[in-house]
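Comments concern the structure below.
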């Protein structure tokens with residue numbers, strides 16, 4: 001529980017036509033070589049937000065090593081369900097599978113529990129879009145908007161203030177970014193500190209998870225007026241700089 | 001000698017099966033129910049080797065029920081049919097396989113659509129608008145090809161089924177005298193007289 005309250009914040013907001021997840025990456029230091037990171041790839045950007053199944057994405061807070069192990073377990077559970085029933089696993093069932101595992105470690109002696117809280121954002125035909133939260137003890141609950149990690153008290157009160165019933169996914173994105181910018185330590189948001197993902201329906205009514213890559217995150221921040229201002233101007237070459 | 005039919009229509013599936021239980025040339029029973037109600041919106045007609053049929057049907061029935069108790073919601077018809085097919089396919093590769101043929105019909109309450117699956121003892125499954133197993137299939141499929149309408153009302157659907165039963169009565173050497181007919185739609189499962 002201690003590790004979770006120090007972990008980078010993860011926010012999830014549910015809307016009628018999609019779910020939005022955002023996570024704060026704790027930058028370890030300037031010298032950490034991130035060039036090898038698989039930023040924004042199909043399976044997730046590798047640190048806080050993961051694709052569990054084609055209809056579920058999750059954000060994690062806590063001990064990263066434990067989280068990786070849980071994500072692996074969740075992906076296997078989802079594929080097992082697909083094998084047996086030829087359908088994407090219902091979101092609550094996937095949350096339940098993980099919570100059964102987590103609960104087991106609170107009961108039997110000798111091993112420590114998983115130090116991870118997760119947010120699950122998903123879609124299934126039973127309850128459409130859903131957002132769940134689970135903690136290390138194996139409790140889980142459904143939410144309209146929630147967050148885990150450091151400063152979650154501040155973020156929760158901001159979400160309570162600004163969440164509206166029947167919010168659209170576009171408004172949910174804006175709300176998440178706003179809350180994120182107010183709760184994070186740094187003054188300006190950027191792709192090096194932020195992970196972002198949405199789950200919506202595509203044209204054929206199938207769930208479509210989109211985990212943003214760094215360039216897309218920066219573009220999104222610019223669009224909502226939260227990105228770095230001067231850097232964009234400095235990067236653009238002045239006309240006089242052109243050389244043949 | 002079991003005969004079973006099923007057809008879909010506008011928001012419903014009709015499943016019919018004869019009610020005779022025979023051994024060799026002797027009729028032992030004429031009120032056997034060969035259609036199991038697996039869940040509030042799921043039906044399964046079974047036929048094949050006597051003994052295997054009931055054993056397998058009860059195994060499926062109880063496992064579908066177990067899933068419903070363990071998890072908050074019932075399996076939807078496509079998932080249930082996939083799981084049933086898997087059970088048959090696994091059985092086929094065991095020491096003594098079940099020889100059971102099935103028609104699985106259900107109404108999906110989350111997408112509001114009827115579904116019908118034709119499954120045989122080899123683990124073949126296909127989603128179809130109408131289906132039949134047994135000797136009845138030889139007479140009924142051509143009729144269903146001609147008269148089946150996916151948008152038909154329940155009355156019209158039952159009339160089409162009636163045609164099939166009449167044709168079997170007219171042409172088949174040994175005809176079953178009675179059929180049990182069950183309908184599944186948005187209100188659940190009910191038995192109808194024909």
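Listing for the model above:
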| quantity | calculated |
| --- | --- |
| Residue check, residue A:85 crowded, with 22+ Cβ neighbours inside 10 Å, more than 18 Å from residue A:195 (Cα to Cα) and in contact with a helix residue (DSSP H, G or I) (Cβ under 9 Å, 6 or more places away or on another chain) | no |
| Where a residue in the stretch B:53-77 is away from chain A (no Cβ under 14 Å) and its partner, wherever it lies, is buried (at least 21 other Cβ atoms within 10 Å of the Cβ) and part of a helix (DSSP H, G or I), with Cβ under 8 Å and at least six apart | B:56/B:88 |
| Per-region count, the stretch A:80-96, residues more than 18 Å from residue A:70 (Cα to Cα), outside any helix (DSSP H, G or I) and more than 8 Å from chain B (Cβ to nearest Cβ) | 1 |
| Filter result (surrounded by fewer than 21 Cβ atoms within 10 Å (Cβ to Cβ) and in contact with a strand residue (DSSP E or B) (Cβ under 7 Å, 6 or more places away or on another chain)) within the stretch B:75-84 | B:78 |
| Sole exception among (1) surrounded by fewer than 21 Cβ atoms within 10 Å (Cβ to Cβ); (2) within 14 Å of another protein chain (Cβ to nearest Cβ); (3) touching a strand residue (DSSP E or B) at 6+ places or on another chain (Cβ under 7 Å) for residue B:129, by number | (2) |
| Filter result for residue A:188 (over 21 Å from residue A:9 (Cα atoms) and either at pLDDT below 90 or in contact with a strand residue (DSSP E or B) (Cβ under 8 Å, 6 or more places away or on another chain) (or both)) | no |
| Hits in the stretch A:97-133 (condition: in contact with a helix residue (DSSP H, G or I) (Cβ under 9 Å, 6 or more places away or on another chain), within 14 Å of another protein chain (Cβ to nearest Cβ) and either surrounded by fewer than 18 Cβ atoms within 10 Å (Cβ to Cβ) or part of a helix (DSSP H, G or I) (or both)) | A:97, A:126, A:127 |
| Output for the stretch A:99-140, where each listed residue is farther than 14 Å from residue A:199 by Cβ and in contact with a strand residue (DSSP E or B) (Cβ under 6 Å, 6 or more places away or on another chain) | A:99, A:115, A:116, A:117, A:118, A:133, A:134, A:135, A:140 |
| Qualifying positions in the stretch B:93-124 - within 14 Å of another protein chain (Cβ to nearest Cβ), surrounded by fewer than 20 Cβ atoms within 10 Å (Cβ to Cβ) and on the phi < 0 side of the Ramachandran plot | B:108, B:109, B:110, B:111, B:113 |
| Residues located in the stretch A:165-185, provided they are in a loop (DSSP other than H, G, I, E, B) and either modelled with pLDDT of 95 or more or touching a strand residue (DSSP E or B) at 6+ places or on another chain (Cβ under 9 Å) (or both) | A:166, A:167, A:168, A:184, A:185 |
| Residues that are closer than 20 Å to residue A:91 by Cα and within 15 Å of the chain's Cα centre (by Cα), drawn from the stretch A:191-209 | A:196, A:197, A:198, A:199, A:200, A:208, A:209 |
| Selection status of residue B:161, away from every other protein chain (no Cβ under 14 Å), crowded, with 20+ Cβ neighbours inside 10 Å and closer than 19 Å to residue B:6 by Cβ | yes |
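The values are calculated or read from the model by the stated rules, or taken from the named source; none is laboratory data. Predicted model, so just to flag it, every value in this text is computed and none were measured. For neighbour counting, all protein chains shown are included, and Cβ atoms are generated from backbone atoms with ideal geometry for every residue, glycine included.
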